[in-house]
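Chemist: To start, I am sharing the structure in question, which I have written as structure tokens.
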Amino acid sequence: MKNKNFAVWLTGIPGSGKSVISEALKKLLNNNGIDIYILRMDEVRNYVTPDPKYSDEERQLIYNAFAYMAKLLVEHGVNVIMDATGNLRKYRELALKIIPNFFQIYLKCPLDVAIKRETNRKDTKKAPENIYKKALEGKAETVPGLQIEYEEPLHPDLIINTNKTGIEESAEKIFSMLVT
């Protein structure tokens, strides 16, 4: 990091571990004297589009705003963990283009594992609940990785297979990448 503020986007399908790894990474960074803010897409969405439709146009607008918020935070001295699916590469590429000192971490997870995790999740961090269940019952139509495409990053700074790597170990891998 060398005294530069940064943004790190944890991307992956719903249930891949973004929120829990974000929390563990924040704790690890804080314990090492690095202040950081977790910017969660689901919290942002609740304010920007309180009755979301999850259309392509709405997603584009919300991800533009999300990337811009992270950019402003970094430029004003705040380190940021971006906790968001970002199902299309163009959303993440915008962040790469406009945010100085940007890192993209791909939390790779098989769909069946993500579905099981999401079903058992107690604290959704403002994310919609039971999205996979609703999708499989025909009550939701735009779940990334299931009904709409999740485009894997082409050149992430780090890939973590979260079905094989625990929360703390995942956070430590990201921490090591950031501080070296």
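The values are calculated or read from the model by the stated rules, or taken from the named source; none is laboratory data. Quick caveat: nothing in here was measured; it's all calculated off a predicted structure. So basically every Cβ, Gly included, is an ideal-geometry build from the backbone, and we count neighbours across all protein chains shown.
Chemist: So V80 ticks every box in (1) more than 12 Å from the chain's Cα centre (by Cα); (2) over 18 Å from G145 (Cβ atoms) but one. Which box is left unticked?
Modeler: (1)
Chemist: If you scan segment 82-99, which residues turn out to be over 13 Å from L154 (Cα atoms), touching a residue at least 60 places away in the same chain (Cβ under 8 Å) and in a helix (DSSP H, G or I)?
Modeler: Within segment 82-99, A95 is the sole residue that qualifies.
Chemist: May I pose another question? Kindly indicate which of V74, V78 is assigned to a loop (DSSP other than H, G, I, E, B), farther than 15 Å from T11 by Cα and at pLDDT 95 or above. Spell out the reasoning first.
Modeler: Numbers: V74 fails: assigned to a loop (DSSP other than H, G, I, E, B).
Among V74, V78, only V78 is assigned to a loop (DSSP other than H, G, I, E, B), farther than 15 Å from T11 by Cα and at pLDDT 95 or above.
Chemist: In segment 97-128, which residue that is at pLDDT 95 or above and within 15 Å of the chain's Cα centre (by Cα) is surrounded by the fewest Cβ atoms within 10 Å (Cβ to Cβ)?
Modeler: K108
Chemist: If you don't mind, there's one more thing I want to ask. Checking D42 against (1) assigned to a helix (DSSP H, G or I); (2) modelled with pLDDT of 95 or more; (3) in contact with a strand residue (DSSP E or B) (Cβ under 9 Å, 6 or more places away or on another chain): exactly one of these is not met. Which one?
Modeler: D42 satisfies every listed condition except (2).
Chemist: Here is a list: K71, K116. Which entry is under 27 Å from D35 (Cα atoms), touching a residue at least 40 places away in the same chain (Cβ under 8 Å) and not polar (S, T, N, Q)?
Modeler: Working: K116 fails: under 27 Å from D35 (Cα atoms).
Answer to the selection: K71.
Chemist: Which condition number does N87 fail, the rest of (1) more than 24 Å from D35 (Cα to Cα); (2) over 15 Å from the mean Cα position of the chain (by Cα) being met?
Modeler: N87 satisfies every listed condition except (2).
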